[in-house]
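J.: Can you keep this structure in mind? I'll have questions shortly.
Nothing in this text is a laboratory measurement; each read-out follows from the coordinates by a stated rule. Since this is a predicted model, take the numbers as computed values, not measurements. Cβ: placed from backbone, ideal geometry, glycine included. Neighbour counts: every protein chain shown.
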Amino acid sequence: MQSLIVGVRFQEIGKVYHFDASSIADVQVGDRVIVDTARGRQLGEIIQFVQNPDPSHTNSLKQVERRATPRDLVLRQTWQRRETEALINCRERVAQLHLSDLKVIVAEFNFDGTRLNYLYNCENEEKVELKSLRQDMGKKYSGTQIEMRQIGPRDVAKALGGMGACGLEKRCCSKFLTEFSPISIKMAKEQGISLTPAEITGMCGRLRCCLVYEYEAYLEARKELPKKGKRVNTPQGEGKVFNVNPITMTIVVELMEIGKREYLREEVEPWDELEALRRKSQETCHKTDDDCSCEKSKTEFK
């Protein structure tokens, strides 16, 4: 029997996790299901079927326990309404314990309230002792397992939401990004973006996620464009590349007497390649002329 692998998401804009749904009959995209995770039993939504799954990975996947019942959905809503209260209580206790570097961001109950997960961020890189805080919250919510999980600045921005640094009313991480891609300063340089921190830094204090969106397109475009400083031939004569615009595929050339002019990629030819062709052509013509002279001498001797 072939395994039926499905993608399940627990939050509206959250990471997709794979589970084996072979034991559930007539499963459909959009079904709410109960699954066992590292953070306890959770209620999630099936959003996709995994086509041609890797057999080596399917054996290690957990099974979907069952479809969620109307009672499960009501139970989840009940505990979700208590998350704000749990967050306030935890923050008050953090203040009482004088954990000034600790910022509690989110409180999450699982669907039946058996587990409460706190997401926090710590400005200080040193490890924070949370045993007392965990015990206090355990007494406050008896019968509920308390977990404290540290998250990074990007995840903090995703959880809090709000306007993006670019002016969009909702940040990309809160709107559609389910995972964060590695981003480097090289991506900004390749796109000709100002390296001023205000220009390339997001609300999270890290490099903006959008730097990766057009990076590959810029790399491909630059392969077809000459580099800055290269000598090129234009319809107005020889000049030096002053700047390139990968998106419009145009080249700004500085000409000796005219100044800066912008040309399409098709209008510009590399000077060094043309020079090499001229030399090769001259060498070929010179060799041909010698051969002709030699043959002419032989004819006259006869």
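J.: More than 13 Å apart: what percent of Cα pairs in region 155-212 qualify? Don't skip to the answer; put the middle values down first.
T.: Details: 968 of 1653 pairs.
When all Cα pairs of region 155-212 are counted, 59 percent exceed 13 Å.
J.: To continue, here is another question. Which order results if 258, 146 are arranged by neighbouring Cβ count within 10 Å, fewest first?
T.: Details: 258 12, 146 20.
In increasing order of surrounding Cβ atoms, one gets 258, 146.
J.: For 209, 122, which order do you get if you count the other beta carbons within 10 Å of each Cβ and list the fewest first? Please report the intermediate quantities before stating the final value.
T.: Values: 209 20, 122 15.
Ordered by Cβ neighbours within 10 Å, fewest first: 122, 209.
J.: In deg cm²/dmol and to the nearest 500, what is the mean residue ellipticity at 222 nm of the chain if only DSSP H runs of at least 4 residues count, each as -39500 (n - 2.57), divided by the residue total?
T.: On the way: 10 runs with 101 residues, N = 302.
Taking each H run of at least 4 residues, the total per residue is -10000 deg cm²/dmol.
J.: Measure out, as a whole number of angstrom, how far apart the alpha-carbon centroids of region 205-245 and region 101-129 sit.
T.: 45 Å
J.: Using the Cα centre as the reference, give the magnitude of the dipole from point charges on the C-beta atoms of the chain (Lys, Arg: +1; Asp, Glu: -1; all else neutral), rounded to the nearest 20 debye.
T.: Details: 48 positive and 46 negative charges, 235 e Å.
With only Lys, Arg, Asp and Glu charged at Cβ, the dipole is about 1120 debye.
J.: Kindly provide the trypsin sites (Lys or Arg not before Pro) of region 123-209 that DSSP labels as loop, not H, G, I, E or B, and whose Cβ sees at most 15 other Cβ atoms within 10 Å. Write out the running numbers ahead of the final one.
T.: Details: sites: 127, 131, 134, 139, 140, 149, 154, 158, 170, 171, 175, 186, 189, 206, 208; in loops: 127, 170, 171, 206, 208.
For trypsin sites (Lys or Arg not before Pro) across region 123-209 that sit outside H, G, I, E and B with at most 15 neighbouring Cβ atoms in 10 Å, the list reads 127, 170, 206.
J.: Right, something else. Working from Cα positions, state the angle (0 to 90°, nearest 10) between the long axis of helix 131-140 and the longest principal axis of the chain.
T.: Tilt relative to the chain: about 50 degrees.
J.: Next question. Hey, what angle do you get for helix 70-80 against the long axis of the chain, alpha-carbon based, 0 to 90 degrees rounded to 10?
T.: 80 degrees
J.: Right, here's the next one. Taking 1 over the mean of 1/r across every pair of different Cα atoms in the chain, what Kirkwood radius in Å do you get?
T.: On the way: mean 1/r = 0.0391 Å⁻¹.
Averaging 1/r across every pair of different Cα atoms and inverting gives 25.5 Å.
J.: Any idea what diffusion coefficient region 79-151 gets from Stokes-Einstein, in µm²/s, Kirkwood Rh on alpha carbon pairs, 4 °C, 1.567 mPa s?
T.: Working: Rh = 12.3 Å.
Rounded, D is 105 µm²/s.
J.: Here's another thing I want to ask about it. Which one, 178, 84, 196, has the greatest fluctuation when you compute a Gaussian network model over the chain with C-alpha springs under 10 angstrom?
T.: Taking springs between Cα atoms under 10 Å, the residue moving most is 196.
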